Amino acid sequence: MSFTQFRQPTRPTIPGSAAATSRSAWLGWLYALIFTAIPIVAVSWAWAGLAVNVPKWDDHALKAFLIALEQETSPIGWFRQVVKQHNEHRIAYDRLLTWADYSLFGKLSFKRLMIYGDLSLLALVALFGFFLKQYVRSWYLFLPPVALFIITLAQWENLYWALSSIQNFSIVVWSLACLFLLSYQSRIGWAIALAMVATLVSGNGFLVWPIGFVMLLAQHRTRQLLPWSLAAVLLIAVYFGDYVQPTTHPPTRGSLFDLAGGCLAFLGAAVDALPTATPYLYSIILGGVLLLFWCLIFLQAVARSGRKIAWTTLQTFGLGAVAFLLGTAVVVVWSRYGYGQDMLLTSRYRIYSLTLLALTYTYCISAYYASGRTNATVAVSMAFSGLLISGIFWWSAFRFNTHESISLRKMLLAMQYNWTYTTNRPVSTLDPVTRQLIDNAPAFYDATLPAFYTESKHPQFPVDSLVKRNDTYVIRLKSPSANLIPSLKEPDAGISVVLRSAKRTYLYPVMPSPQRHWRVLLNLLPLYPAGQPIEVAIPSNELDVGTYDVLIALYSTDQPNGLVRPTNQLVTVAPHRLSTGPAKNW
């Protein structure tokens, strides 16, 4: 048997059925192609219009890695920089991609890194397609719901965040691919290789080692436990050789009941894309229903073990994949619950809930066909019910998470402005090393720069209120006109606040608040209600001491180059301390 050949003895037998006519097969492929392509094309279009080459938070660690790498003079030093600890993780995979991109193109592009990470979603869809193909002759008919679950704007934060897309998307693909090969191949060489990669992508990649051990036991493959265990010990030695407990997260708070609820909410976080008033509660419900289903599958598998019968490959992969997702939920809830319950529903972790939905769907389809039943009516109902449910999740995310996607774009471009222009002139103050590594992204404010630093002769812009709440300045403005409302077609339209002192300027974009109502999904209501005042909150600890004139920069389809208007309002920042909190990791 070859190194990559799949194990045949324990694979289920695909039941025979009448050969499909050429026309019906062609129509099936056309249906699958269209509905699988829709989320791919739509999300790619949204990404192309919103992604910017600006580092977000941990992305700065990749720039620091390149700087440190250039100072290394030995292979050992180079290797240490690659596997150096970042939070709880050894992000060697992320760093190697960064190094390869920079070496190939001569500049570090965070947009290209996003692409590398986002392509993992296509690989995940392909993996589920290959899983279906083991049991279903017309497997492609059931692929559209998988694509709709996985390739969605519900993943907006990872889609537009370089390091996070590589880490959070890739870890799911490498881990599930490892468990798939471990289930369906007699030899474990490739599974061990993928497990090593998963471990060096993200910390939760370690979960595949104990899970794989149990999977081998469940399939009565005891002779392979030794090489699997030796590989695990080797990775543990490399991983924890100079490991330091990170201090970047608050201590865990909450009772055991709270943590259990947090795990269910994490697994059901896909609900957050829907227009619900209590997303955390509904996430717990969905997570509980999904976990209950898999508990029943686990009991069936345990019953086989009780009769000394090996688990089927279907059970082994399904339960192994769920164990990885559940284990990740436990790790995240334990380490992140101190940030609050909303953190567990955040977009960067939603890949796990969406993957669980896709896994549950494909498992049900595969189990139905593996059982020998071939009722066409049932198969069609499963295909279209999956399409309906996944379509609702997808469209809801596409409508509502447009707001977060645009907000992130504006936030990143404003961050770029605030660290680039740090004097009283529109001249970049970036250090030479940063300019060598990264090109600043083109931004909506580029044509308006001179106006930020000169007196405006345009009419005064009315400000409803400017107050200081604790350590934050809150500026309230009247509802913007329709041409100042951003959209996927015009993401740079809108209002920005410019603070100008004798020493420097700051830029803060202002976004209207969306309304989450089911009528928005049917376009019966706009995403942003008319007549609603808008606010921007500016933390005082982000500002240098001084007195600032408040200016309003307007960008619309009529004036894409912007218009800067005065307000006759002042913000005075007194001497202050920077806020304390968990240590930064970049």
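The values are calculated or read from the model by the stated rules, or taken from the named source; none is laboratory data. Because the structure is predicted, anything quoted here is derived from the model rather than measured. Glycine also receives a Cβ, built like all others from the backbone with ideal geometry; neighbour counts cover every protein chain displayed. Calculation scope for accessible area: heavy atoms of the full protein, side chains included, ligands and nucleic acids excluded. Shrake-Rupley method; radii C 1.70, N 1.55, O 1.52, S 1.80 Å.
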Worksheet item: Could you give me the ³J(HN,Hα) list for the range 152-161, computed from phi with Karplus coefficients 6.51, -1.76, 1.60 and θ = phi - 60°, whole Hz, x at Gly and Pro?
Response: 8, 6, 4, 8, 3, 5, 5, 4, 10, 10
Item to complete: Calculate, axis by axis, the spread of Cα positions in the chain along the three principal axes, and write the results as whole Å, longest axis first.
Response: 82, 61, 49
Worksheet item: Any idea of the accessible area per residue across the range 165-267, 1.4 Å probe, to the nearest Å²?
Response: 41
Item to complete: Determine ³J(HN,Hα), in whole Hz, for all residues of the range 294-301 in sequence, where each value follows from phi through the Karplus function 6.51 cos²θ - 1.76 cosθ + 1.60 and θ = phi - 60°; x replaces Gly and Pro.
Response: 6, 5, 5, 4, 5, 5, 4, 5
Worksheet, complete the sentence: By accessible area (1.4 Å), largest first, Arg223, Arg90 order as Arg223, Arg90
Practice prompt. Specify the longest stretch of the chain that does not include any exposed loop site, a site being one of the GluC sites (Glu not before Pro) with a non-H, G, I, E, B DSSP assignment and at most 14 other Cβ atoms within 10 Å.
Written response: 73-454
Worksheet, complete the sentence: Taking Cα atoms only, helix 170-184 is inclined relative to the longest principal axis of the chain by an angle, in degrees rounded to 10, of 0
Fill in: Leading residue at positive end of dipole, the chain (Cβ point charges), from Pro210, Ala376, Ala100
Ala376
Discussion item. Two decimals, Cα atoms only, Kirkwood Rh: what is Rg/Rh over the range 433-488?
Written reply: 1.08
Discussion item. Among 544-554, 190-200, how do they line up by average Cβ neighbours within 10 Å per residue, starting with the highest?
Written reply: 190-200, 544-554
Worksheet entry | Cα centre as origin, Lys/Arg/Asp/Glu Cβ charges: the range 45-173 dipole, Debye | 240
Item to complete: Taking the chain as the reference, fit the longest principal axis to its C-alpha atoms, fit the long axis of helix 256-267 to the helix C-alpha atoms, and give the angle between the two in degrees, 0 to 90, nearest 10.
Response: 90
Worksheet item: For the residue pair Val330 and Trp45, what label-to-label distance in nm results when each label sits 7 Å from Cα along the Cα-to-beta-carbon direction?
Response: 4.4
Discussion item. About the Cα centre, and with charges only on the beta carbon of Lys, Arg (+1) and Asp, Glu (-1), how big is the dipole of the chain? Nearest 20 debye, please.
Written reply: 1320
Item to complete: For the range 374-520, just say rounded, prolate or oblate: build the C-alpha gyration tensor, square-root its eigenvalues into a ≥ b ≥ c, call rounded for a/c under 1.5, and beyond that prolate if a/b exceeds b/c, oblate if not.
Response: prolate
Worksheet item: How do 493-500, 515-522, 414-421 rank on mean C-beta neighbours within 10 Å, highest first?
Response: 493-500, 414-421, 515-522
Item to complete: Quote the charge dipole size of the range 248-344 about the Cα centre in Debye, to the nearest 20; the model charges only the Cβ of Lys and Arg (+1) and of Asp and Glu (-1).
Response: 460
Item to complete: Over 21 Å, how big is the tail of the calculated P(r) for the range 163-299, in percent of all Cα pairs?
Response: 58
Worksheet item: Once every DSSP H run of n ≥ 4 in the chain is given -39500 (n - 2.57) and the sum is divided by its residues, what mean residue ellipticity at 222 nm do you get, rounded to the nearest 500 deg cm²/dmol?
Response: -16500 deg cm²/dmol
Item to complete: Give the accessible surface of the range 359-406 per residue, rounded to a whole number of Å², with probe radius 1.4 Å and ligands, DNA and RNA excluded.
Response: 39
Discussion item. Once you order the gyration tensor axes a ≥ b ≥ c over the Cα atoms, which shape class does the range 316-414 get: rounded for a/c under 1.5, otherwise prolate or oblate by comparing a/b with b/c?
Written reply: oblate
Fill in: Prolate/oblate/rounded label for the range 224-364 (Cα gyration tensor, a/c 1.5)
oblate
Discussion item. In the chain, if the dipole is taken from +1 on Lys/Arg beta carbons and -1 on Asp/Glu beta carbons about the Cα centre, which of Leu484, Ala303, Phe128 is farthest to the positive end?
Written reply: Ala303
Response to the item:
Between the Cα axis of helix 110-133 and the main Cα principal axis of the chain, the angle (0 to 90°, nearest 10) is 20
Worksheet item: In whole percent, how big is the carbon plus sulfur part of the accessible area of the chain, probe 1.4 Å, protein atoms only?
Response: 64
